[in-house]
Amino acid sequence: MMDSGQVKTGQKMGSLQNSEEVKLIDLFITLLKHKWLIIWMTLGSGVIAAGIGFWMTTIYRSEATIAPVEQEKGSLSSAVSSLGGLGAMFAAQVGIGGAGSIEKFEVVLKSRELTNQLIKKYDLMPIIFYEKWDVKNKRWTTDKTLTIEDAQKVIFGSFLKIKTDKKSNIVKISFEYPDKVWAQRILAYYVEGLSEYLRQQALETARAQKEHLNQQMLSTADPVLKSKLAELTAQQLEKEILAKVQKYYGFNVIDPPFVPEKKSKPKIMQIVLVAATVAFFISMFLSFFLEYLRNIRKNEDPERISLLRKYMKWKIS
């Protein structure tokens, strides 16, 4: 037989369980009581969000993937190493051994210099500020003077996106714009602009190397050393020629810029789901709050009611 202590303990646990069940039932009843508030708030928020989504400007995203060309360590490196101490000094001065990297690509793509060059070369100001440009009359619709610096802020803030993947050693570039053809076209400008920037750097380096090698040949009387320096000069000339004939210098285009078929933004279904979910939880909270107020009035607690009214008043200082 159970003693009195066990009986009391069992009764206590049973009462606690019944109390929890009552609370859950009360919560469910409250939600059912205010079901139309919850339904209308959820549906209304979804409809409003859908309307806002359809009203928003359609954005298309063109993408491209590039990968740096691996540095070739052929006859040039062996020729430099054969010069001993002079070769080490030469490599340090003219930068032999430096190869392109995804970090360098990112820095160049985000540079103001490259963007300035592209804006001026392709006359992109009316394209960037399309909302303030009258295409028919070919004039600005705003009295504010728009500068290239303003265009840079718009491009880097909204249009151009750069993502590096160090594990795969690639760079993904994307350009987002309301017109899908222009999205592809401007992204192609950036890919070509990156190539030309790197090409010019390589040509300037090659010219500096040739000049340095010629100075070294003039200052030495050793025929063996002169022969090695002449070989290096010829190889620098070869590098210069290759830099001029390559379509893309310093990198390979894995995926070229393309004209997108589907819009990137706005994602209406996602906007609707987020708005409806937030409204659903807010309506639930509001239902419990309204029920709480009703219970206060029902229990006639004047002190709490006066405090609630006091703090709900909107005070304008």
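By how many nm would the segment from Val181 to Thr220 lengthen if fully extended, with 0.36 nm per residue of separation less the alpha-carbon distance? Could the numbers behind the result be given before it?
Numbers: separation 39, 0.36 × 39 = 14.04 nm, distance 5.86 nm.
Stretched out fully, the Val181 to Thr220 stretch lengthens by 8.2 nm.
Anything over 30 Å Cα to Cα? Flag those among Lys132/Lys262; Lys23/Lys267; Lys138/Lys263; Lys120/Lys247; Lys163/Lys265; Lys120/Lys263, in the order listed.
Values: Lys132/Lys262 26 Å; Lys23/Lys267 40 Å; Lys138/Lys263 28 Å; Lys120/Lys247 22 Å; Lys163/Lys265 19 Å; Lys120/Lys263 28 Å.
Exceeds cut-off: Lys23/Lys267.
I want to verify the translational diffusion coefficient of region 136-267 in µm²/s; compute it with Stokes-Einstein, Rh as the Kirkwood radius over Cα pairs, at 37 °C and 0.692 mPa s.
On the way: Rh = 19.0 Å.
My calculation gives 173 µm²/s for D.
Sorted from fewest to most neighbouring beta carbons within 10 Å, what does the list Met217, Met56 look like? Provide the component values of the computation, followed by the final result.
On the way: Met217 16, Met56 12.
Placing the least packed residue first, the sequence is Met56, Met217.
Quick note: the coordinates plus some simple rules give every number you see, no bench work behind them. Computed from a predicted structure; not experimentally measured. Positions of Cβ are backbone-derived with ideal geometry, glycine not excepted, and every protein chain shown enters the neighbour counts.
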